[in-house]
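The values are calculated or read from the model by the stated rules, or taken from the named source; none is laboratory data. Not measured: the values here are computed from a predicted model. Positions of Cβ are backbone-derived with ideal geometry, glycine not excepted, and every protein chain shown enters the neighbour counts. Each accessible area value is taken on the protein alone, full model and side chains, heavy atoms only, with ligands, DNA and RNA left out. Shrake-Rupley method; radii C 1.70, N 1.55, O 1.52, S 1.80 Å.
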Amino acid sequence: MSYKDLIKDANDFARVLIKRKSRKVLGIYYAVWGFYGLILASIYTVLDSLKINIAFLYGLIPFIILIPFVYFTVKLFRDIRTDYLRLIGSRGYIITKFNYVIWILITLALFISFILVSQFGLSIVYFVLSFYIYAIFLAYSLYRFLYSKYRFVDPRYYDIIAVFSILVAPLEVISQVFYLIFIIAWFYASINSLLEVSTIE
């Protein structure tokens, strides 16, 4: 075997390992945000049972508990992104500071729209619109992770379910059923992702 073939085999093996690790990371990611939705729903249930009906509090809670989940998500993807970029260099999937700025701006816009709706009587349509912008960007980021040319992992049908469930989540303002769909879909995707990794191992 020539040196060139040896390098190619090593790279192919590295890609397999990275895809396996990525699937595991994705499974954990689905579970983490499924738990976020579950915790949020539980808090709202408790507040309802205590007859606490403060609009500002209801809107503020998601942003407060969002912080540790975002931190964990960034940490979760950091290692796998580093491994992948070592393999493909700068030709593929590169997260820049610009992407983080977009995330911060979208989250800030969502929070501001919530303040305007809850405190200044602005139409709830503005909050739903901001929520949809957030959801669409999140769905796009997940789609790119799964379907870009230099994707981290091979997509599965339950990934598609997870992506589409993001787009129905903002409709929770109409009915809680839509948010429940999101939670169930992400736990379903998480379980299947982790089972896939366990069968390979």
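Identify, please: which residue in the stretch 24-47 is among the hydroxyl-bearing types (Ser, Thr, Tyr) and within 15 Å of residue 68 (Cβ to Cβ) and is, among those, farthest from the chain's Cα centre (by Cα)?
36
Can you tell me which residue in the stretch 148-196 is farthest from residue 29 (Cα to Cα), limited to those that are of a type in the set (Asp, Glu) and modelled with pLDDT of 85 or more?
This residue is 196.
Residue check: is residue 58 at pLDDT below 75, part of a helix (DSSP H, G or I) and open to solvent by less than 80 Å² (accessible area, probe 1.4 Å)? If you could, list the steps in order and put the result at the bottom.
Details: at pLDDT below 75: yes; part of a helix (DSSP H, G or I): yes; open to solvent by less than 80 Å² (accessible area, probe 1.4 Å): yes.
Judged against the criteria, residue 58 is a match.
Out of 40, 47, 76, 87, report the one residue that is modelled with pLDDT of 80 or more, open to solvent by less than 50 Å² (accessible area, probe 1.4 Å) and over 22 Å from residue 180 (Cα atoms).
On the way: 40 fails: over 22 Å from residue 180 (Cα atoms); 47 fails: over 22 Å from residue 180 (Cα atoms); 87 fails: modelled with pLDDT of 80 or more.
Just a single option satisfies the conditions, and that option is 76.
Quick check on residue 82: is it assigned to a helix (DSSP H, G or I), at pLDDT below 85 and surrounded by 13 or more Cβ atoms within 10 Å (Cβ to Cβ)? Explain how you work it out, then say what you get.
Working: assigned to a helix (DSSP H, G or I): yes; at pLDDT below 85: yes; surrounded by 13 or more Cβ atoms within 10 Å (Cβ to Cβ): no.
Considered against the rule, which asks whether it is assigned to a helix (DSSP H, G or I), at pLDDT below 85 and surrounded by 13 or more Cβ atoms within 10 Å (Cβ to Cβ), residue 82 comes out as no.
Please determine, by comparing only the residues of the stretch 185-201 that are loosely packed, with under 15 Cβ neighbours inside 10 Å and among the hydrophobic types (A, V, I, L, M, F, W, C), which one is nearest to the chain's Cα centre (by Cα).
In this case the residue turns out to be 195.
Among the residues of the stretch 17-29, are any open to solvent by less than 60 Å² (accessible area, probe 1.4 Å) and either modelled with pLDDT under 85 or outside any helix (DSSP H, G or I) (or both)?
Filtering the stretch 17-29 down to residues open to solvent by less than 60 Å² (accessible area, probe 1.4 Å) leaves 18, 22-23, 25-29.
From the residues that got through so far, the ones that are either modelled with pLDDT under 85 or outside any helix (DSSP H, G or I) (or both) too are 18, 22.
The answer is yes, given that some residue of the stretch 17-29 is open to solvent by less than 60 Å² (accessible area, probe 1.4 Å) and either modelled with pLDDT under 85 or outside any helix (DSSP H, G or I) (or both).
Which of the residues belonging to the stretch 172-184 are over 17 Å from the mean Cα position of the chain (by Cα) and surrounded by fewer than 18 Cβ atoms within 10 Å (Cβ to Cβ)? Steps first, please.
Residues of the stretch 172-184 that are over 17 Å from the mean Cα position of the chain (by Cα), as a first pass: 172-177.
173, 174, 175, 176, 177, listed by residue number.
Let me confirm something: among 109, 10, which residue is aliphatic (A, V, I, L, M) and at pLDDT 70 or above?
Result: 109 is the single residue among 109, 10 that is aliphatic (A, V, I, L, M) and at pLDDT 70 or above.
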